[in-house]
Amino acid sequence: MAMNFPVRRGTGGGLMPRPVWGTWDPWRDFEDMWSQMGRYLEQAAGPGMTMAERGGWTPTAEMNETDDAYVIKAEMPGIPRDDIDVELKGNELCITGEMDEKSEGKMLTRRKGSFSYRASLPGSIDSEHVEADLDEGILTVRVPKSEAARPYKIRVTGNGGESKAA
């Protein structure tokens, strides 16, 4: 028994031309899609706003929680420590700054301009003992938890909760 498959047809009624191998560039389609997404994001931000006015780029970062602190690590390759600002506003950690364009080749392929990373810390924190360290392009911010937010062990007794009558 023969099975018929539907035929894709273009708007002109004929078969859609299939690209000849070697002339079709899938990367070009991807670049076109990427450019279109950029235009959509520009429009969503509002007319006339540049990337710097919207807050620039966001560094890659991760946040982990330990028993006594929140630890945030952010990638800051090539950014001097004097160009990085770390602030704590309530329970929100803000890492901001600006990276200048320093091109030594024909084409700049790294990010430039202002950057911003914000993280809401879920619990009570000890804001007076926050530490920030930049080592080999990785910024590590350690925000200690307050004593009230730290877990503590509760001793388990052995009498099973039964009271002894006298």
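The values are calculated or read from the model by the stated rules, or taken from the named source; none is laboratory data. Since the model is a prediction, treat every value here as computed from it, not as a measurement. The protein model used for the area step is the full one, side chains on, heavy atoms only, and it has no ligands, DNA or RNA in it. Shrake-Rupley method; radii C 1.70, N 1.55, O 1.52, S 1.80 Å.
Over 23 Å between Cα atoms: which of K89/K153; K112/K145; K89/K145 fall into that group?
K89/K153; K112/K145
When I72, I138 are compared by accessible surface with a 1.4 Å probe, the order from highest to lowest is I138, I72.
For the set S124, S114, the ranking by accessible area, highest first and with no ligand, DNA or RNA atoms included, is S124, S114 under a 1.4 Å probe. Computed with a 1.4 Å probe on the full set of protein chains, the accessible area for Y117 sits at about 40 Å². At the residue level, M99 shows approximately 20 square angstrom of accessible surface with a 1.4 angstrom probe and all protein chains present. The solvent-accessible area of D126, taken with every protein chain present and a 1.4 Å probe, is close to 40 Å². Ranking R28, R155 by solvent-accessible area of protein heavy atoms (1.4 Å probe, all protein chains present), from largest to smallest, gives R155, R28. At full extension, F30 and R81 could sit 14.8 nm farther apart than now, given 0.36 nm per residue minus the alpha carbon distance.
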